[in-house]
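Here's the structure we're looking at; comments come further down.
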Amino acid sequence: MKLQTVPARQGMLWAQQGARVFLKHPLAFASLFAAFMFSAFVLALLPWIGSLIGLALLPLVTLGFMLATRAVLGGGVPTPLVFIAPLRAERPRVVSLVWLGAIYAVTTFAAIWLGSLGGHDAVLAQLMQPIPDGQNASEVMAARFAKPGLVGSLLTGMLVRLAPIALLAIPFWHAPALIYWDGQRCAQALFSSTLACWRNRGAFVVYTLTWFGLVMLFSVAASLVFAAIGSPELFMVAGMPISLIITTMFYASLYFTFADSFAPSDPPA
């Protein structure tokens, strides 16, 4: 496959296309995400090894959603079988996918470990301590946030934790699809994915900002609506399904980021 460069505005189109595909078969995509969440919950019950297996399966999950989107574009209806379809490919591609999952799990654990070395967890633990009986919760939390350097320490801790994971997403973004559809090996797929993300960095920045803006828009709109009707506590109840829908739309849009970044070297007539 050959690498393609797209304009920055394409990032917003990727998000729009993901939303359109999701709305064609919302229940089918919801079932895919439900199957993914249920599997993650079951694996979380296994100490250590469950988390490791869950991380190793994430590249396969993203590839499954790409297959689901492609099925919808072809007029079909996706089923949870898309998650195991890549394991039925040729043996070299399956082996490369397994290696990719293992590398992703190990590197993610390493990124999380590096993020915990700054000592910012202690600051968060102090902030989340239970409020003593008889004291006003608002006053206690205000006093905790008023401590010098607390907010800066929290923001630094968040940045230290998220930055390595965000950087780790770049080489793994297109890698599963490149292995499955183009037959690339692990190292080549990781390099190709990194190069594609860099070449199309403008589109990916717009893509990220679009999803972030959508989340913020729904959050503000929902909070204003529930505050207007006098039931702000219902915001958390309504926020959960909204966040799940947006997350599923995001996964449905992953295929478009790949399809526009790569094209067959010898396209059919």
Pick from the stretch 165-179 the residues that are buried (at least 18 other Cβ atoms within 10 Å of the Cβ) and out of contact with any Pro (no Cβ under 8 Å at 6 or more places or on another chain): which of them is nearest to S265 (Cα to Cα)?
L178
Anything in the stretch 17-55 that is over 20 Å from G76 (Cα atoms) and at pLDDT 95 or above? List them, or say none.
none
V6 vs. criteria crowded, with 17+ Cβ neighbours inside 10 Å and not in a helix (DSSP H, G or I)
yes
Considering only the stretch 187-212, state which residues are among the polar types (S, T, N, Q) and in a helix (DSSP H, G or I).
Q188, S192, S193, T194, T208, T210
Within the stretch 174-186, is even one residue at pLDDT 95 or above, in contact with a Gly (Cβ under 6 Å, 6 or more places away or on another chain) and either part of a helix (DSSP H, G or I) or not polar (S, T, N, Q) (or both)?
no
Any chance you could count how many residues in the stretch 1-40 are hydrophobic (A, V, I, L, M, F, W, C) and in contact with a strand residue (DSSP E or B) (Cβ under 9 Å, 6 or more places away or on another chain)?
2
Looking at this structure, is L27 over 23 Å from A169 (Cβ atoms) and either exposed (fewer than 14 other Cβ atoms within 10 Å of the Cβ) or among the aliphatic types (A, V, I, L, M) (or both)?
yes
Assess whether A40 counts as being within 15 Å of F250 (Cα to Cα), without any contact (Cβ under 8 Å) to a residue 60 or more places away in the chain and aliphatic (A, V, I, L, M).
no
Apart from one, (1) modelled with pLDDT under 95; (2) closer than 18 Å to T248 by Cα all hold for L87; the odd one out is (2)
Filter the stretch 200-228 down to the residues that are without any contact (Cβ under 8 Å) to a residue 24 or more places away in the chain, crowded, with 16+ Cβ neighbours inside 10 Å and aromatic (F, W, Y) and list them by number.
F226
Listed residues A175, A187, A203; which is within 18 Å of G11 (Cβ to Cβ) and aliphatic (A, V, I, L, M)?
A203
Scanning the stretch 57-79 for residues that are surrounded by 16 or more Cβ atoms within 10 Å (Cβ to Cβ) and over 14 Å from the mean Cα position of the chain (by Cα), which turns out nearest to F172 (Cα to Cα)?
L67
Report every pair of residues separated by at least 6 positions or lying on different chains whose Cβ atoms are under 7 Å apart, first residue within the stretch 188-199 and within 14 Å of K2 (Cβ to Cβ), second among the hydroxyl-bearing types (S, T, Y) and surrounded by 21 or more Cβ atoms within 10 Å (Cβ to Cβ).
A196/S261
For the stretch 68-85, indicate whether the set of residues that are among the polar types (S, T, N, Q) and either touching a strand residue (DSSP E or B) at 6+ places or on another chain (Cβ under 9 Å) or part of a helix (DSSP H, G or I) (or both) is non-empty.
yes
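The values are calculated or read from the model by the stated rules, or taken from the named source; none is laboratory data. Note that the structure is predicted; figures quoted are calculated from it, not measured. As a convention, Cβ positions derive from the backbone with ideal geometry for all residues, glycine included, and neighbour counts pool all protein chains shown.
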